[in-house]
Each structure stands twice: as C-alpha cells, then as structure tokens.
Amino acid sequence: MAAPAPSRTDAPGPQAGPRRSAAELLAERSGELLRRLREGVGPAEARLHGDMLGVVIAAAERGRADLLPSALAALLDEARARGLGPADLSRVLLRWEALAAVVPAGARRWVAAVPPAARPALDAPTAEPEPPLSAAAATWLHAALTGQEELAVLLARGAGDDVPTVVERLLRPALEAAGRARLADAVEHRLVALAMQVLAATEEPAEPPERPRGFALVGGAPGDPHALGAWSLATRLEADGWEVAWLGADPAPGDLIFTVEQTRPDLLALSLTLASGLPRVAGLLRALRERPAGAEARVLVGGPLLERRPELGALLPADACPRDAAEALRLAREAAP
C-alpha cells in the first residue's frame, strides 16, 4: 500500500543553522555597525569607534565582559593622547548607546555594556603628572628630534653597558615623553626608528651558541611601531643561549604567519604597547593556532600595555603574558626543547 502523502504539518520546515556566537555576530555585522558609528565624525573619533568595536569582539570571543572597563579605559587614554576631549568622548559613548537597538539579539548585551563600562574612565579625574625626564633622557630626546644621530648613539653608549639598561634608563622614558607630547605620527615613528638604530649600534655582537637552548622569533606586535622591549628581550635571549631571529617592529600579520610556518620556532615573543592593538594580536594568534607550526610554538605577549594592565592578557590566546623581561626569560626557558 502506498504511504499516505505528508500533511502540511508533517512537511519538514527550514533547518536552523548552527547557533553563532556573539563575537561571530558582531564580526559579521562589523561593516554596518562601523558605518553607523562613524557617520559624520572626524578621523580621530572614527578610529576610536573601530578600536572599541575590535576590543568588544575580542572580549566576546573570550567571554570576558569583566575586562571591558579596563580595555575601554586604556582606549580612552590613547584617544585623549591623540587630542580627543571630554565632549568628543561623551559623543562617542552616545553613539554606542544608540547602536544597541540595531545589534542582533545574540550580541546586544555586549554593545549595551560599552557605555556603562567606559563611563567611569570618562569621568575619572585627570591622572597624576608624569615625573620629569632625567637629564640624560631629555638630552637624548633633543638630539633625536634635531637630527643629531651620532650624538644620540654616543649618549646611548654612555647610558649603560647593555641593551636592557639603555632601554630602561634612556630610550623608554624619552619615547614615552614624546608620546605624551602628541607629536605627529611621522615624527614619533622616526624617533622609534632612530631608537632601534641606536640599539643596533650599542649592542655587542653575540657569539652564536654551540648548542642553542632553542629557536625564538621576537618582535613588535602588528600595527605597533614600538618594539624596544622586544629588542631588549631578544638580546637577553641571545645572552641566555638562544638562537634569535628579529621580526622587527610592526610586522605584517601575513608575513609573520609565513615566517612561523617556515621556521617552526620553539618560542614566539611579541611586545604590545597600545590597547588598540589587542584585537589585531588576538586575531593573529587565533590564525596561528590553526596551523601546526603555530600550535607547536610557545607564545609570549608582553610589553608596556600589559605592564600597566596585566589583566588584559586574558583577552589574548597566548600561552603567557609576562610582566617584564625577567619573567619572559624564565617562561622562555620553560619552552626550551
């Protein structure tokens, strides 16, 4: 006997696809969300909106809404350093309050959490003034800004006997002061490039070890031109018997992934200075973990941002986020084959 024809209620309905996470929903709609956030605003506010959305997606990816206040406070600090004032930042948060109404329901709570998470940082009192530069750091900064490269090298050689000492006593304070002075990006990048040249001229060439502890790739984070801390770590690793390849400051993500796949390092160490770099580094590390060579390497991410706000390391799929070069060296030894 023929089977009865299925009734309307028996007919299969559309099959629901896999449920997408909040991070996936936000990433899929990021173009539309940014158009709404950036409509009619200037370049500095537009950049901040993009940085904030990236941080929200990174927090949603890790399920860490509790880290939004710290991450957003760091972004607002960076925006202030670029010249945005209280009225500009208040306008940014108003855009985010309006955005919650058009976000998919599965991601709405993450967008709605932004204004209350950021408001305490917006209302916080002005930070304590930074301590004055030492005479040596101030002299080096003046030499660098006026193009006296030979004098800059001589001053660095007189500041200490090794690269870590020169970085901490001279270069880092000078570059941080330059950042607070809101110099043009091109000028600040030129200062960083000169500082790296100074370190190269200061460093004593290391003899390659007969039996290296392991092979390490070391450099700055993509999008971040500040790599002095990474250079300092590279010199410590070489002195500790590692074979080290220098990635440079601001390596292109694709080039970095290619280098990891080709060299298969035991250790990958990156330095992160800016909170705006968190989403880019998180995405890079996720892409690396999907590849055998990236999964095998021990990944350390440190730098000035994580020294100031160590809790933000939880937003990164790294093996560890050391607070200083000494801790990074100890963790590196654990990664030695």
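The values are calculated or read from the model by the stated rules, or taken from the named source; none is laboratory data. Note that the structure is predicted; figures quoted are calculated from it, not measured. Neighbour counts run over all protein chains shown; Cβ positions are idealised from the backbone, glycine included.
Numbers below:
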| quantity | calculated |
| --- | --- |
| Test: residue in region 259-276 that is without any contact (Cβ under 8 Å) to a residue 60 or more places away in the chain, over 17 Å from G220 (Cβ atoms), of a type in the set (S, T, N, Q) and out of contact with any Cys (no Cβ under 7 Å at 6 or more places or on another chain) | yes |
| Selected residue (criterion: surrounded by the fewest Cβ atoms within 10 Å (Cβ to Cβ)) from residues of region 249-289 that are hydroxyl-bearing (S, T, Y) and more than 16 Å from A230 (Cβ to Cβ) | T263 |
| Yes/no for R108 being exposed (fewer than 15 other Cβ atoms within 10 Å of the Cβ) and without any contact (Cβ under 8 Å) to a residue 60 or more places away in the chain | no |
| Checking L183 against (1) closer than 18 Å to L228 by Cβ; (2) assigned to a helix (DSSP H, G or I); (3) at pLDDT below 75, the condition it does not meet | (2) |
| Cross-chain or 6+ apart pairs with Cβ under 8 Å, region 247-258 first and under 17 Å from V299 (Cβ atoms), then modelled with pLDDT under 90 and surrounded by fewer than 16 Cβ atoms within 10 Å (Cβ to Cβ) | I257/R291 |
| Subset of region 288-318 [closer than 15 Å to R62 by Cα and of a type in the set (A, V, I, L, M, F, W, C)] | L312, A314, L315, L316, A318 |
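One line per residue, one yes/no per condition, for (1) within 26 Å of the chain's Cα centre (by Cα); (2) under 28 Å from E61 (Cα atoms):
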| residue | (1), (2) |
| --- | --- |
| V102 | no, yes |
| R108 | yes, yes |
| A112 | yes, yes |
| A117 | yes, yes |
| A121 | yes, yes |
| L133 | yes, no |
